[in-house]
């Protein structure tokens, strides 16, 4: 999948920006605060309906404006050619358009244009709490399976309904249990599917991760990942469901006391190891960085193998942190990726030694105060 | 604020409470009504008042109706053995249009949703159980025709569970499937998946 052009209106510091993109490599250089990240964040909006930088759409609107608008034209194998638009205004909220017609739900967009993002905040993936890893795996699987995304949304709904009952029901225990039962059924149905799918994808993902870590690190350590849920992870939905039911029954008193849903994929954890030691506890800064890099490159390869269309790869300011050897490894990986790539960089990175900026297949851009221009080379 | 009418603002405020009507549309409607002749505005007002004052609910099935019991419950030609459970009165009108169902209805007036503070006692589930327990109306089948969302599912599950002890009452639900006049390629995966799961023998 490729984005051939992008139009921005009032998107952060881009008041009016129109760019034509190259089909393979797009390198965007400029000083800090020039608006490089905003360009690839806008592309991310058209793929995932949200920013990868800020948590609220409100902060994305240009300071002097009340709305923003992003439009992009995409070309791919499955859908030959289509437009995606995203508009946001304080009054009307966010809307996504595909070929000018609005989507009923923002989630319907996910998976249409697969995307992988590499950014400095990826360090959080391995160093912070389990929530980071759950949201990584959820965004990962949602892009390859719309049914999984639906299960996530349905699970969340059932869990909220159930929590509300646990928190606010005042009456006798038997009645509460009878009221909980319909929600237990939904919780188990969606939850078991989520766990089975996570198990399946992570089992396949392991090999990709091992391979990429070897390339990136030069094989000094061997990476492992362990998926932890309320039972022995299984790819079989029925097996998980039986275990789910048993656990819910076992933890019933505990749940009534805590007034909270305690069993389910919302409490899953993915533990990363290098050889035998847990990365989160014992990893050095450098190891976290390399591991996160390997995770994202593994995701890129996984998507490339599994999906009919190659994902768009967005790299936000990642070269600044890498030594010469890793820079070379990463640049080579980018050149090998047949899909479309976007790279932002503030520091002078020796891109020209590796990439031929012919202006057709690969292009270099310069951004200055929200203005973008193509850099002529040679 | 000068230059506006307090009376107009009040009308707009009331109109803006209507579903699908924002303040902008409410203002348009209010100004439109102002331009109409007295007679047609009074007719509208009277229709609204009698809608609220004269319309009633059938004490048996709960559908909104001009009289109690409603015409469906009164109709002796309809099968008494089947009850179709729906969420709102409008669902009754929709199903009636199909001419496929000749039994009677039971309108719950909502579905279970703890997040909205609606429990089983806040919808007409007890009344449904009473109807089934009554001797003069022998029920053989309860058809659940609720929305396939999580609240509808939870409500269906709850009712089905309550009806389990009644051996002579069969509980069925309307099928999930592919809408008429559409093609497979335009169906979302969730619907198609459901349609597969509830396929029937050809």
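The values are calculated or read from the model by the stated rules, or taken from the named source; none is laboratory data. These figures come from a predicted structure and were not determined experimentally. Virtual Cβ from ideal backbone geometry, glycine too; neighbours counted across all protein chains shown.
General observations
- From the list B:147, B:160, the lone residue that is within 14 Å of chain A (Cβ to nearest Cβ), surrounded by 13 or more Cβ atoms within 10 Å (Cβ to Cβ), in a helix (DSSP H, G or I) and out of contact with any helix residue (DSSP H, G or I) (no Cβ under 6 Å at 6 or more places or on another chain) is B:160.
This table checks each residue for (1) in the same structural domain as residue A:29 (by TED's automatic domain parsing); (2) touching a helix residue (DSSP H, G or I) at 6+ places or on another chain (Cβ under 9 Å); (3) closer than 25 Å to residue A:80 by Cα.
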position: A:317; (1), (2), (3): yes, yes, no
position: A:325; (1), (2), (3): yes, no, no
position: A:329; (1), (2), (3): yes, yes, no
position: A:337; (1), (2), (3): yes, yes, yes
position: A:341; (1), (2), (3): yes, yes, yes
position: A:349; (1), (2), (3): yes, yes, no
position: A:353; (1), (2), (3): yes, yes, no
position: A:359; (1), (2), (3): yes, no, yes
position: A:363; (1), (2), (3): yes, no, yes
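- Count - residues of the stretch A:173-189 that are more than 9 Å from every other protein chain (Cβ to nearest Cβ), free of Cβ contacts under 8 Å to residues at least 60 places away in the same chain and surrounded by 22 or more Cβ atoms within 10 Å (Cβ to Cβ): 1
- Of the helices (runs of 4 or more DSSP H) contained entirely in the stretch A:192-283, those carrying at least 3 residues that are closer than 30 Å to residue A:330 by Cα fall at A:279-282.
- Flag for residue B:154 being touching a helix residue (DSSP H, G or I) at 6+ places or on another chain (Cβ under 6 Å), within 14 Å of another protein chain (Cβ to nearest Cβ) and surrounded by fewer than 17 Cβ atoms within 10 Å (Cβ to Cβ): no
- Number of residues in the stretch A:141-155 that are more than 10 Å from every other protein chain (Cβ to nearest Cβ), touching a residue at least 60 places away in the same chain (Cβ under 8 Å) and either more than 16 Å from residue A:300 (Cα to Cα) or in contact with a helix residue (DSSP H, G or I) (Cβ under 6 Å, 6 or more places away or on another chain) (or both): the value is 2.
- Options A:193, A:170: the member that is free of Cβ contacts under 8 Å to residues at least 60 places away in the same chain, within 13 Å of chain B (Cβ to nearest Cβ) and under 29 Å from residue A:291 (Cα atoms): A:193
- Test for residue A:313: is it loosely packed, with under 14 Cβ neighbours inside 10 Å, modelled with pLDDT of 90 or more and within 18 Å of residue A:125 (Cβ to Cβ): no
- Selection within the stretch B:163-191: residues that are in a helix (DSSP H, G or I) and surrounded by 14 or more Cβ atoms within 10 Å (Cβ to Cβ). The member of this set that is farthest from the other protein chains (Cβ to nearest Cβ) is B:163.
- Yes/no for residue B:130 being away from chain A (no Cβ under 14 Å), exposed (fewer than 14 other Cβ atoms within 10 Å of the Cβ) and assigned to a helix (DSSP H, G or I): yes
- On inspection, residue A:257 fails the criterion of being in contact (Cβ under 8 Å) with a residue 12 or more places away in the chain, surrounded by fewer than 20 Cβ atoms within 10 Å (Cβ to Cβ), more than 28 Å from the chain's Cα centre (by Cα) and under 15 Å from residue A:166 (Cα atoms).
- Inter-residue pairs, beta-carbon under 6 Å, first under 16 Å from residue A:139 (Cβ atoms) and in the stretch A:100-111, second in a strand (DSSP E or B), 6+ apart: A:106/A:96; A:109/A:96
- Residue count for the stretch B:133-144, restricted to those that are out of contact with any helix residue (DSSP H, G or I) (no Cβ under 8 Å at 6 or more places or on another chain) and either within 10 Å of chain A (Cβ to nearest Cβ) or not in a helix (DSSP H, G or I) (or both): 7.
- Hey, residue A:74 buried (at least 17 other Cβ atoms within 10 Å of the Cβ), modelled with pLDDT of 95 or more, in the same structural domain as residue A:290 (by TED's automatic domain parsing) and farther than 23 Å from residue A:15 by Cβ or not: no
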